[in-house]
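Read the structure below first, then the notes.
Read the figures in this text as sums done on the coordinates, not as results from a lab. Just so we're clear, the structure is a prediction, and the values are computed from it rather than from any experiment. Using ideal geometry, Cβ is built from the backbone for each residue, glycine included, and neighbour counts are taken over all protein chains shown.
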Amino acid sequence: MKTEVKNIDSLKKELSISVEGDIVKNKFEDVFKKIGKEAKVKGFRPGHLPRDILEKEFSTLACEQVLKELIPELYSETLEKERLPVLDLLRISDVKLERFRLSFKAEVEIAPEIAVKNYKELKICYKKIKVTADEIKRNIDSLKESRKIDALDDNCAKGLGYLNLEELERAIERQISVQKENAQHNELERQIIEQLTRDLDFKLPQSLVNRQLEDLVRHAKMDMALYGIPKEKIAEQENELRKELEPQAKNQVKVYLILSAIAKKENMVLDEQMPHKVMEFLFKEASWEFREESPPLGTGSNMGGNYGD
């Protein structure tokens, strides 16, 4: 097999792949054998069709099957041989197949080279979680308003599934604390991501951006449908959705690629859990600064753990 790699731009390459001899010949032999077992031609039993008739009647089908099987095999071998960080196969072109020779070109998009550094020297500010009596009171008042209750007492608390009012207040306190912890976790992620991306500027692979944008648009359309918005209205807003969500898609892809670059440097497995494992690693390596005040509810990065994977 002969291969040639040509740069189209910083993220695109053209692979010229050709092979001849026994590889192509043997693939044709295998394909014709498979076709011959099932081929139906008047006057002949399946599996007993003469080779010349088989080739005459089914040459087009055989060529299609050879290409279907051999191109993916040769493409995979080329990626392994050239060790290219391919993200997407953009197109196959210039396919030429003869009885003993196959050649084609594959245009691919590759991952950018990202010079990540100082990622073990990040600084994050952690605020102590506190739940005040006023916050608990506000939640109890909201509970009373939602159920038209004048005053909460032990009997009302029992009606809500608690032993008494004190247990209800403790449950509300835990709920507020969990909300604040989640908000703070999002804020810590935001701080890390802001520092990682601050001085890194590189071209984003359009295939990844498109894939992430499609995912965001799909989820947005699902949310709209759940709110009862008619299908035709959702369809009318799709182009506007894409414009609004494209910056978010680009940011998520950028973060994902940076985390991938860190994972490679730290010899981590690039699986579905990679972004979360890298974030855990960065949390452990970071310098922490503690403050007394707790963050208000509703703050955070809103990343939702979605880094474009």
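Placing pseudo-labels 7 Å out from each Cα toward the beta carbon at residue 103 and residue 177 gives an inter-label distance of 7.2 nm. Amide H contacts under 5 Å for residue 127: 291, restricted to partners 5 or more places along the chain or on a different chain, H placed in the peptide plane at 1.01 Å from N. In this structure the amide hydrogen of residue 87, modeled in the peptide plane, comes within under 5 Å of the amide hydrogens of 109, 110, 111, none closer than 5 places in sequence on its chain. Given the alternatives (1) -0.62, -1.08; (2) -0.93, -1.15; (3) -0.69, -1.12, log10 I(q)/I(0) by the Debye sum over Cα atoms at q = 0.11, 0.14 Å⁻¹ as computed for this entry is given by (2).
Straight-line reach from residue 144: which lysines have a Cα under 30 Å away, not including same-chain ones fewer than 8 places off? Straight-line reach from residue 144, under 30 Å: 128, 130, 158, 180. When both bridge partners sit in the chain, DSSP labels roughly 85% of those beta bridges antiparallel.
When 265, 13, 243 are arranged by Cβ crowding within 10 Å, least crowded first, meaning fewest neighbours, the order is 243, 265, 13. Applied to region 86-92, the Karplus parametrisation 6.51 cos²θ - 1.76 cosθ + 1.60 on θ = phi - 60° returns per-residue 3J(HN,Hα) values of 6, 9, 7, 8, 7, 6, 10 Hz, with x for Gly and Pro.
Rounded to the nearest 10 degrees, the angle from helix 133-147 to the longest Cα principal axis of the chain is 80 degrees. Helices in the chain, meaning DSSP H runs of at least 4 residues, each add -39500 (n - 2.57). Divided by all residues, the mean residue ellipticity at 222 nm is -19000 deg cm²/dmol. Label separation (residue 210 vs residue 276): 3.0 nm, computed from points 7 Å beyond Cα along the C-beta direction. Between the amide H of residue 122 and those of 287, distances stay under 5 Å, these residues lying 5 or more places away or on another chain, with hydrogens modeled in the peptide plane. Distance from the Cα centroid of region 268-287 to that of region 71-133 is 19 Å (rounded to whole angstrom). Using θ = phi - 60° in the Karplus curve 6.51 cos²θ - 1.76 cosθ + 1.60, the 3J(HN,Hα) couplings for region 28-41 round to 4, 4, 4, 5, 5, 5, 5, 5, x, 6, 10, 4, 10, 10 Hz; x is entered for Gly and Pro. The long axis of helix 165-197 is offset from the longest Cα principal axis of the chain by roughly 50 degrees.
To the nearest ten degrees, helix 238-265 and the longest principal axis of the Cα atoms of the chain are 80 degrees apart. Couplings 3J(HN,Hα) for region 120-125, derived from phi with the Karplus relation 6.51 cos²θ - 1.76 cosθ + 1.60 (θ = phi - 60°), are 9, 10, 6, 10, 10, 9 Hz, where x marks Gly and Pro.
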